[in-house]
Amino acid sequence: MRLSYVMKFVDDMDKAVAFYRDILGLKLRFASPEWSEFETGQTTLALHRASDTHPAGGCQIGFSVEDIDAFFQEKGAKGVVFTRPPTMEHGTKLADFVDSEGAEVSVSG
């Protein structure tokens, strides 16, 4: 299991991309109206359009695992509460769970 990305929710994607690229100097991997990514070493900074459930300014962390289905079974058996079971989305299998503080965490595999 490794920390693969930190997702920052933003209202204005163009303004956010410009800030992280032009002001902070991060290398832009790609940009789109809903999702943009910056190269920051092993962990990616991802910008995601804000929504009612994910307001601007909030962040979410994401982990990568080798076998997401095994992770789902093993961690679920240990009491981890999943809010989304492993589901294919945009060509990647993703799941969401809540941590001990109630924050949503994403995992891909």
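A compact table of results
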item: Residue ID - modelled with the highest pLDDT, chosen from residues in segment 24-40 that are assigned to a loop (DSSP other than H, G, I, E, B), surrounded by 13 or more Cβ atoms within 10 Å (Cβ to Cβ) and of a type outside the set (G, A, S); result: L26
item: Test: residue in segment 44-52 that is closer than 13 Å to G109 by Cβ and surrounded by 14 or more Cβ atoms within 10 Å (Cβ to Cβ); result: no
item: Hey, S100 among the hydroxyl-bearing types (S, T, Y) and outside any strand (DSSP E or B) or not; result: yes
item: Single residue of segment 41-51 satisfying the filter (at pLDDT 95 or above and not in a strand (DSSP E or B)) that is nearest to M13 (Cα to Cα); result: A50
item: Residues of segment 54-109 satisfying the condition of being touching a helix residue (DSSP H, G or I) at 6+ places or on another chain (Cβ under 8 Å) and either open to solvent by 60 Å² or more (accessible area, probe 1.4 Å) or in contact (Cβ under 8 Å) with a residue 40 or more places away in the chain (or both); result: V65, P85, V107, S108, G109
item: Segment 1-23 residues that are open to solvent by 10 Å² or more (accessible area, probe 1.4 Å), paired with ones that are assigned to a helix (DSSP H, G or I) (beta carbon under 9 Å, 6 or more apart); result: M1/F71; K8/A16; K8/Y20; V10/A16; V10/V17
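The values are calculated or read from the model by the stated rules, or taken from the named source; none is laboratory data. Keep in mind it's a predicted model, so treat the numbers as computed, not measured. Don't worry about glycine lacking a Cβ; one is built from the backbone with ideal geometry, like all the others, and counts go over all protein chains shown. Keep in mind that these areas ignore ligands, DNA and RNA; they rest on the heavy atoms of the full protein, side chains included. Shrake-Rupley method; radii C 1.70, N 1.55, O 1.52, S 1.80 Å.
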